[in-house]
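Q: Please read through the structure below; I'll follow up with questions.
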Amino acid sequence: MKIMSVNSGSSSIKFKLFEMPSEKVIASGQVDKIGFEDAGFEIEFNGKEFEKTLPIKSHTLGAQLIINGLIEHKIVKDMKEIAAVGHRIVQGGEVFKEHTIVDDKVLQQILDLADMAPLHNKAHVISIKAFREVLPNVPHTVVFDTVFHSTMKEDAFMYAVPYFWYTDHGIRKYGFHGTSHKYVSELTNKILGNKKDSKVIVCHIGNGASISAVRNGVCVDTSMGFTPLDGIPMGTRTGAIDPAILNYIGEKLNLSSAEVYEILNKKSGYLGISGVTSDARELEQSIAEGNKRSKLAFDLQAKRIADYIGSYYVYMEGVDAITFTAGIGANSPRLRKLVCDRLKALGVKIDDKLNEAKAQEISTKDSKVRVFVINTNEEVVIARETLKLIKRKA
Ligand code: ADP
């Protein structure tokens, strides 16, 4: 059975087609710059890659292009071969504690949550509608970033603000990257031999970055909050800062709160500190050239990651394993070492050679906490959840 995972933004659609339940990737690709004359379409299968540049006016045309591409390259005979499509959704609020099959009511509920994730939820709905138009006879599912974190208790998810902000306006920590935290913590637990009461900390460090504390397979805390701006510094985001800064700097620089918010989201983090780049590889290059602010950008992030790990160690009453994942976590030995060197108080020791070699386990034999490096796979979680949902329905 073929299941497609879809991850859409306001101008892009990324997809992966899986054979399920074997989880073999049959094809993958993307449409980007939707709405532009020079939009792009890429498709990859059997080690072959095809690309073209063309105007793509809408998500519907993008979805059509993907399905036509699959047929044209004989990856599927016709669209009936696609048994279901799973769509990634960033914000499920408290409405969605489980992933679900899409109907009109679900679409409206996702739109109703768009105020909390304006950049994401609206684009997701546009994309789901597009795929439903192109593939009207297959089930579509929605898999939420927030669902994995919905198990947090009040002491972890509440902010100390007037209580009605929570009850009337949904102000609380939701957490994001849930599918990645789920995939990576499950795999870590497997390596740990599915031990009872396992305590795992997942560091998902990509352009966006978040940490989660997972006890016995269940998320108990995470660093991103009401939005993905909270937590540790990222490529362009601040992570947590004193909220009093917003008002102060707005007055000093004559900026509206929307303008300050934009800067906190898009011009801060690595980019803001270094003044050079938001990209970790370019940052490493700039450090090699002696740029002190680029070094500070990494150091600052590493300190904050270590701070979260320390607090989760206390919250879970110990930790068995710390796992690094995503673009930077899985690929930057420098970042992993910077973080682990700050965890001596927890008895964390890594082997520099294993770290450089990106071994699956990089801790030394006498480390009190095992340290792993695992590539994340959010798309496969979407395909797995989709398969579960359509089986349940059948
Ligand atoms: P997102 O999905 O949040 O956009 P990714 O998880 O793809 O982000 O991570 C992107 C980041 O990973 C970029 O900063 C990129 O430079 C970094 N990255 C990718 N490969 C490497 C590498 N080999 N060494 C260091 N950083 C890397």
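Throughout, read-outs are computed from the coordinates displayed, never taken from laboratory work. No experiment lies behind these values; they were computed from the predicted model shown. Every residue, glycine as well, gets a Cβ built from its backbone with ideal geometry; the counts of neighbours run over all protein chains shown.
Q: What per residue convex hull volume, in Å³, do the alpha-carbon atoms of the chain yield?
A: On the way: hull volume 64.7 nm³, N = 394.
In the chain, the Cα convex hull volume per residue is 164 Å³.
Q: Okay, next question. For the chain, calculate the relative contact order in percent as a whole number, restricting contacts to Cα pairs under 8 Å that are 6 or more residues apart.
A: On the way: 808 pairs, mean separation 55.4, N = 394.
It rounds to 14 percent for the chain.
Q: Read phi for every residue in the stretch 273-280 and hand back ³J(HN,Hα) as whole Hz from Karplus 6.51 cos²θ - 1.76 cosθ + 1.60, θ = phi - 60°, with x for Gly and Pro.
A: Running phi through 6.51 cos²θ - 1.76 cosθ + 1.60 with θ = phi - 60° gives 6, 6, x, 10, 7, 9, 9, 4 Hz.
Q: Give me the one-decimal nm value for the distance between modelled label points at residue 58 and residue 126, 7 Å along each residue's Cα-to-Cβ direction.
A: 1.1 nm
Q: Any chance you could check the Cα centroid distance between the stretch 185-228 and the stretch 372-394 for me, in angstrom?
A: So the two Cα centres are separated by 17 Å.
Q: Just need log10 I(q)/I(0) for the stretch 309-359 at q = 0.29 Å⁻¹, Debye formula, equal scatterers on the alpha-carbon atoms, no solvent, rounded to two decimals.
A: -1.21
Q: A further question on this structure: Of the GluC sites (Glu not before Pro) in the stretch 261-338, which ones lie in a loop per DSSP and count no more than 16 other C-beta atoms within 10 Å?
A: Values: sites: 262, 282, 284, 289, 317; in loops: 289, 317.
Qualifying residues, ordered by number: 289, 317.
Q: Then there's this: Which translational diffusion coefficient, to the nearest whole µm²/s, is obtained for the stretch 250-322 from the Stokes-Einstein equation, given a Kirkwood hydrodynamic radius over C-alpha pairs, 4 °C and 1.567 mPa s?
A: Working: Rh = 14.3 Å.
The Stokes-Einstein estimate is 90 µm²/s.
Q: Residue by residue through the stretch 383-389, which ³J(HN,Hα) values in whole Hz follow from phi under the Karplus form 6.51 cos²θ - 1.76 cosθ + 1.60 (θ = phi - 60°), with glycine and proline marked x?
A: 5, 4, 5, 5, 4, 4, 5
Q: Tell me, what HN-Hα J-couplings in whole Hz come from the Karplus equation 6.51 cos²θ - 1.76 cosθ + 1.60 at θ = phi - 60° for each residue of the stretch 251-267, using x for Gly and Pro?
A: Couplings: 5, 4, 9, 6, 10, 6, 5, 5, 5, 4, 4, 4, 5, 4, 7, 10, 10 Hz.
Q: While we're here: Can you work out D for the stretch 195-340 in µm² s⁻¹ from Stokes-Einstein, where Rh is the Kirkwood radius over C-alpha pairs, the temperature is 25 °C and the viscosity is 0.890 mPa s?
A: On the way: Rh = 15.9 Å.
Using the Kirkwood radius from Cα pairs, D works out to 154 µm²/s.
Q: If you don't mind, there's one more thing I want to ask. Taking every pair of distinct Cα atoms and averaging 1/r, then inverting, what Kirkwood hydrodynamic radius in Å comes out for the stretch 136-243?
A: Values: mean 1/r = 0.0670 Å⁻¹.
For the stretch 136-243, the Kirkwood estimate is 14.9 Å.
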